[in-house]
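Undergrad: Before I ask anything, here is the structure I am working with.
Any read-out appearing in this document is the output of simple, stated calculations on the displayed coordinates, not a laboratory observation. Worth saying up front: this structure is predicted, and the values here are computed from it rather than measured. All Cβ positions, glycine included, derive from the backbone under ideal geometry; neighbour counts span all protein chains shown.
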Amino acid sequence: MIPAAFDYQRPTALAAATALLQQHGDDAKLLAGGQSLLPMLKFRLAEPKLLIDLGRIAELSGIRQDGNQIVIGAMTTHFDVLTSPLLQRSCPLLAETAAVIGDQQVRALGTIGGSLIHADPGADMPAALIALGATARLVSASGERTVAVDDLLVDVLTTSIQPTELLVEIRVPLQVPSQGSAYEKFPSPASRFAVVGVAAVVGIENDKVTSASIGLTGGAGRAQRLAGVENALVGQITGAVADATAHASDGWVPNEDLDASAEYRQHLARVHVRRALERAISVAGGKAAPRFGFL
């Protein structure tokens, strides 16, 4: 468990980091919280020639409101997401999701941007970001672009980010008073990754569902939206959740591994979609509050 030799740089400015990426490309790896990369280095699953530590670039951290959006720096830790008064008040789904990530050490060191770019199929945060319609701002030495999180994720440990690009920030819309949200998770007892995790954002008016956005993680190569459930629910009365959850596995072929068979994952998806929707509707109706505690 000894990493291969590598060079190490710790820039203090974003421009310096992107310049290093421009120069080294695929030979470089970015170090955020290190909760995934460091074990990969030790097992030599990753052997970069250069490690670029982002820990001293202040502009990559922090949470702020910009109009009707919340901007979260890529190096913001899960603990900071969990404890942010702004997120707890205006985008509680992210705070609730951060509360059930890993353990205390992972939440203290792991970052929202690192989790997203690592793209582990059992990671919690991608499902919540997809349900919220989040976007990611990517910067390189030659410019920048903004991409929807749903388009950023490609497959297991694979995103559409280019070797010379760096994730700077994530933007999520403010949740409105008529919306409720919830994250429901069946965790692996060993790793605390999601065997199945479901994030739901639901809008209601006069006991009818006016909008629904659902992100699913843990079952396949990447987190994804459950459009079948969303389409079956919008326009229906809030009591129609049970019927809509029958579409939880539409077009979805889950993995089989030591944690669960494909059939069991499909069952877990239906159960947790229903739980997430029912609780999100209760939050929207003022009958329940978001959860910020730990599993």
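Undergrad: Check cross-link reach from Lys29 to the aspartates and glutamates: straight Cα distance under 14 Å, and skip same-chain residues fewer than eight apart.
TA: Here the aspartates and glutamates satisfying the reach criterion relative to Lys29 are Asp7, Glu47, Asp53, Glu165.
Undergrad: Ok, one more. Step by step: find N for the range 58-172, compute 2.2 N^0.38 Å, then divide the Cα radius of gyration by it. What's the final number?
TA: 0.98
Undergrad: To the nearest 500 deg cm²/dmol, what mean residue ellipticity at 222 nm is calculated for the chain from DSSP H runs of n ≥ 4 alone, each contributing -39,500 (n - 2.57), summed and divided by the residues?
TA: Mean residue ellipticity, 222 nm, calculated: -8500 deg cm²/dmol.
Undergrad: For each of Leu129, Leu30, Leu153, count neighbouring Cβ atoms within 10 Å of the residue's Cβ, then give the residues from fewest to most.
TA: Neighbour counts put them in this order, fewest first: Leu30, Leu153, Leu129.
Undergrad: Share of Cα-Cα pairs in the chain beyond 33 Å, in percent?
TA: Cα-Cα pairs in the chain separated by more than 33 Å: 22 percent.
Undergrad: Let me ask something additional. Where does the range 7-53 land on Rg(C-alpha)/(2.2 N^0.38 Å)?
TA: 1.11
Undergrad: Would you order Asp155, Asp53, Asp80 from fewest to most other beta-carbon atoms within 10 Å of each residue's own beta-carbon?
TA: Taking fewest neighbouring Cβ atoms as first place, the list is Asp155, Asp53, Asp80.
Undergrad: If you don't mind, there's one more thing I want to ask. Counting every Cα pair in the range 181-284, what percent are over 20 Å apart?
TA: Across the range 181-284, Cα pairs with separations above 20 Å total 32 percent.
Undergrad: Something else about it: Quick check on the exposure proxy: order Val241, Val154 from fewest to most C-beta atoms within 10 angstrom.
TA: Taking fewest neighbouring Cβ atoms as first place, the list is Val154, Val241.
Undergrad: Any aspartates and glutamates with Cα under 16 Å of the Lys185 Cα? List them, leaving off those in the same chain fewer than 8 positions away.
TA: Glu96, Asp103, Asp120, Asp124, Asp259, Glu278
Undergrad: Is any residue of the range 161-183 close enough, with backbone N under 20 Å, to a label point placed 7 angstrom from the Cα of Thr210 along the Cα-Cβ axis, and if so, which?
TA: In the range 161-183, the label zone of Thr210 (backbone N under 20 Å from the point 7 Å along Cα→Cβ) covers 173-182.
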